[in-house]
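The next block holds one structure in the form of structure tokens; read it before the comments.
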Amino acid sequence: MAVEAIEHYLYNILTVMLNEYGVSSNFTKQIINTIKTQIYSCIQHWSDISFRKALLLLGYEEGLFYEPAGKLDIKCFVVATIRNSPLETAQSDNFGQAGLSSSLSDGQVKEITGKAISYFNALNFEELSKAAKEDGHFDFYGVLAQQYPVSWTALQRAATSVGKKVVYTRVVFEKPFIIKDFVPVDINDQEVFEAVFDGYSCEIDPELTKALHNSLINNYAFTADCFKMVTRNIKKLLQIMEFLLTHERAFVTSNYYIENGYIERRNRPLKAAHNLSDMIEHYSQTSDLGHKHAKVLKEVYSKLRANTK
């Protein structure tokens, strides 16, 4: 019965909604297959609190503010497994890949996430987890956790520790992680980059390449407003974090400052930004942050203000 409940959501609710919105059948299959893999992998780990919290942390900056009312873990689950999928492509400037004549509206995406929250909030996740384990579904997130141990450990510690600052034993690694297709480029170290892409693609685009190179060569922290502003593709996100943390660089958002072995965070996360104005406002809010976190955000705030005058 538990597995049937997931299949019912995927094929009798979400698929129907995507069809009504005009998403092509091929792209709908791509969305459904990705979400299906992510849901089954997530629920296999539901009773593993540290694993679950690490994964749901990636949805916390949005899930905390999602509607309708529901359990916070379920809201974050919806962000991590459903919203963070090729659904993002259908709402981006690359909507043509989804067979659409225009991108999905904010209202349509909110309808998808809202129905998912209502549906899954009523289910027993302990039963879902047991059924998923018994059926032997592919453990997508489990594989990623093994492939990117430095970044995954950081997420676990950020999600399960209390207090503004977290100090933990550094994860030992044999050599710094290298992202496939990453090619360093010469850039102006004062340049501020604004990347425009669909937010789910695995591609290491030129803007991201420049930002990573800037961090590597000039010993700068890599900064973005929130996890989703880096990418909604968890594999790509973990690759970026693994690259930075194993090269002794910091990964920083408005809410988190992360090094291998050290974390600073905001007591209550700011809502994930939607635009540059939100980002500037977030970077200006540093009064209650740890020293390292505040220093990075102040520097970025100063650069953004200088580039938007």
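Each residue of the stretch 266-277 in order: what ³J(HN,Hα) in whole Hz does its phi give by Karplus 6.51 cos²θ - 1.76 cosθ + 1.60, θ = phi - 60°, with x for Gly and Pro?
7, 4, 10, x, 6, 5, 3, 5, 10, 7, 5, 4
Which order do Y11, Y262, Y141 fall in if you start with the one that has the fewest other Cβ atoms within 10 Å?
Details: Y11 12, Y262 17, Y141 25.
Ordered from fewest to most neighbouring Cβ atoms within 10 Å, Y11, Y262, Y141 come out as Y11, Y262, Y141.
Return the whole-Å distance between the Cα centroid of the stretch 142-157 and the Cα centroid of the stretch 240-309.
Here the answer is 21 Å between Cα centres.
Over the chain, what relative contact order in percent results from Cα pairs under 8 Å that are six or more residues apart?
Taking the mean separation of contacting Cα pairs over the length of the chain, I get 18 percent.
If the elastic network links every pair of Cα atoms under 10 Å, which of V78, V172, V252 fluctuates the most in the Gaussian network model of the chain?
Largest GNM mean-square fluctuation: V172.
How long is the gain from K271 to E111 if the chain were fully straight, where each residue apart is worth 0.36 nm and the alpha carbon distance is subtracted?
The K271-E111 span can extend by a further 55.7 nm.
On a 19 Å Cα-Cα criterion, which of the cross-link pairs K165/K228; K53/K228; K36/K271; K53/K75; K210/K236; K165/K292 come out too long?
Going by Cα-Cα distance, K165/K228; K36/K271 fall outside the 19 Å limit.
If each residue of separation counts as 0.36 nm, what is the full-extension length gain between K165 and E281 once their alpha-carbon separation is subtracted?
Here the answer is 39.5 nm.
Measure out, as a whole number of angstrom, how far apart the alpha-carbon centroids of the stretch 59-121 and the stretch 1-25 sit.
14 Å
State, to one decimal in nm, how far the label point of Q146 lies from the label point of A294, with both points 7 Å from Cα in the Cβ direction.
It works out to 4.4 nm between the two label points.
With springs only between Cα atoms under 10 Å apart, run a GNM on the chain and tell me which of S287, S105, S215 wobbles the most.
The residue that fluctuates most here is S287.
For K175 and E7 in the same chain, what is the full-extension length gain: residue separation times 0.36 nm, less their Cα-Cα distance, in nm?
So the extension gain works out to 56.3 nm.
Can you compute the radius of gyration and Dmax for the stretch 2-145, using only the Cα atoms, both in Å?
Both quantities, over Cα of the stretch 2-145: 14.6, 43 Å.
If R₀ is 35 angstrom, what is the calculated FRET efficiency for the pair I217 and F138, using the beta carbon separation as r and rounding to 0.05?
After rounding, the FRET efficiency stands at 0.35.
Mean-square fluctuation check for the chain, GNM, Cα pairs under 10 Å: which of I217, I263, I117 is largest?
Residue with maximal mean-square fluctuation among I217, I263, I117: I217.
Can you list residues from other chains, or at least 5 along the same chain, whose modelled amide H is less than 5 Å from the amide H of Y262?
Long-range HN contacts for Y262: Y168.
Per 10 Å bin from zero, what fraction in whole % of the C-alpha pairs of the stretch 148-308 is there, up to the bin with the longest pair?
Cα pair-distance distribution for the stretch 148-308, in percent: 10, 42, 39, 9, 0.
For the residues I280, I39, what sequence is obtained by ranking on other C-beta atoms within 10 Å, fewest first?
Lowest count first: I280, I39.
None of the figures in this text is laboratory data; all of them are computed from the coordinates on show. Bear in mind the structure is a predicted one, so any value in this text is a computation, not a measurement. We place every Cβ from the backbone using ideal geometry, glycine too, and count neighbours over all the protein chains shown.
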